[in-house]
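**Q** Submitted below is the structure of interest, expressed as structure tokens.
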Amino acid sequence: MIKKIPVIDLKQHQAVSGKSGMRDTYQPLRTVFAPSSNPVEIAQGLKLNGADEMYIADLDLIESQGHNIHEINMVNSIIPVMLDPGLKDAESFPFFLDYAYKVIVPTETLKSIEELELIFEMYPKERIVVSVDVKNDELLAKHLDLNLSEFKEVLKKLNPNEIILLDITGVGTEKGYNKKLLEEFEELKDKLIIAGGLNKDSLGELESLGIKKVLIGTSLHSGEVKLLD
């Protein structure tokens, strides 16, 4: 059975929701798992419903506008957190290991491939997740002069345990998964965690294709998709 990993984005100490990565327009999250957008309450509701891991993106850290590290620490004591802190380099990686059980290295903010290689040299693979951030079918990477195909070759060499394929254009839309993107990374299928725009129909399709894990936010928090079938 495909594993559904719940997603929340944090901004100014509360969970928020929005579409297609337009972070300025995000609003407080409404979820079936809690009566408020308080991330700790949401984590408690998710745990009661069977969640044993969750994904958090700290939008304030990603945008260099503060942080939500105390809330993340509390959530991590309830459910193990896979954290996207907008990581840039190997030097900052160990700091976040104190607050989450897995730290995401996203292409959006990563300074260089050398920094990614250094992270894999210095830290256990079990605690590293690489996020391939994609917008309008192109690699989203502020500091990397690579396309999707070239970055895939880097991943094949590093051989991470888990790789998030995040279609940012699809976030919050529930339009379904990005088939073209999945085909591009077909040979790394066993490592993939599919994210961005997933709906109920997507889950069955992805499971039939052999995908083992997905990140799911909007359709889970609305109640359309159940955490455990």
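**Q** Between the DSSP loop rule and a limit of at most 13 other Cβ atoms within 10 Å, which GluC sites (Glu not before Pro) in the stretch 26-69 are left?
**A** Answer by residue number: Glu63.
**Q** Using Cα-Cα distances under 8 Å and only pairs 6 or more residues apart, what relative contact order does the stretch 3-221 have, in percent?
**A** On the way: 440 pairs, mean separation 40.7, N = 219.
The normalised contact order for the stretch 3-221 reaches 19 percent.
**Q** Test of the criteria: in the stretch 130-181, which trypsin sites (Lys or Arg not before Pro) are in a DSSP loop and have at most 13 other Cβ atoms within 10 angstrom of their Cβ? Present the calculation step by step, with values, prior to reporting the outcome.
**A** Values: sites: Lys135, Lys142, Lys152, Lys156, Lys157, Lys175, Lys179, Lys180; in loops: Lys142, Lys175.
Those satisfying the criteria are Lys142.
**Q** Over the stretch 139-229, what is the mean sequence separation of C-alpha contacts under 8 Å (at least six apart), divided by residue count, expressed as relative contact order in percent? Let's see the in-between values first.
**A** Values: 103 pairs, mean separation 23.4, N = 91.
This gives 26 percent for the stretch 139-229.
**Q** I'd like the Karplus ³J(HN,Hα) series for the stretch 154-160: coefficients 6.51, -1.76, 1.60, θ = phi - 60°, whole numbers in Hz, and an x wherever there's a Gly or Pro.
**A** For the stretch 154-160, the Karplus curve yields 4, 5, 4, 6, 6, 6, x Hz.
**Q** Moving to a separate point now. Report, in listed order, any pair from Lys157/Lys200; Lys11/Lys156; Lys3/Lys111; Lys180/Lys213 with a Cα-Cα distance greater than 28 Å. Write out the running numbers ahead of the final one.
**A** Working: Lys157/Lys200 34 Å; Lys11/Lys156 34 Å; Lys3/Lys111 31 Å; Lys180/Lys213 18 Å.
From the list (Lys157/Lys200; Lys11/Lys156; Lys3/Lys111; Lys180/Lys213), the Cα-Cα distance tops 28 Å for Lys157/Lys200; Lys11/Lys156; Lys3/Lys111.
**Q** Which of the GluC sites (Glu not before Pro) found in the stretch 76-117 are in a DSSP loop and have at most 16 neighbouring Cβ atoms, other than their own, within 10 Å? Present the calculation step by step, with values, prior to reporting the outcome.
**A** On the way: sites: Glu91, Glu108, Glu114, Glu115, Glu117; in loops: Glu91, Glu108.
For GluC sites (Glu not before Pro) across the stretch 76-117 that sit outside H, G, I, E and B with at most 16 neighbouring Cβ atoms in 10 Å, the list reads Glu91.
**Q** Taking the Cα centre as origin and putting +1 on Lys and Arg beta-carbons and -1 on Asp and Glu beta-carbons, what dipole magnitude results for the stretch 1-66, to the nearest 20 debye?
**A** Numbers: 7 positive and 8 negative charges, 57 e Å.
Here the size comes out at about 280 debye.
**Q** Still on this structure, I have one more. Which entry is the computed semi-axes √(5λ) of the Cα gyration tensor in Å for this structure: [x] 24, 21, 16; [y] 48, 25, 16; [z] 37, 20, 16?
**A** The value computed from this structure is option [x].
**Q** Charges at C-beta only: +1 for Lys and Arg, -1 for Asp and Glu. How large is the resulting dipole of the stretch 3-221 about its Cα centre, in Debye rounded to 20? Numbers along the way, then the final one.
**A** On the way: 25 positive and 36 negative charges, 134 e Å.
With only Lys, Arg, Asp and Glu charged at Cβ, the dipole is about 640 debye.
**Q** Something else: 222 nm [θ] for the chain, helices only, -39500 (n - 2.57) per DSSP H run of 4+, per residue, to 500? Intermediate values should be presented prior to the final figure.
**A** Details: 9 runs with 67 residues, N = 229.
It comes out at -7500 deg cm²/dmol, rounded to the nearest 500.
Every number in this text was worked out from the coordinates using simple rules, so none of it is lab data. None of these values were measured; they are calculated from a predicted model. Glycine also receives a Cβ, built like all others from the backbone with ideal geometry; neighbour counts cover every protein chain displayed.
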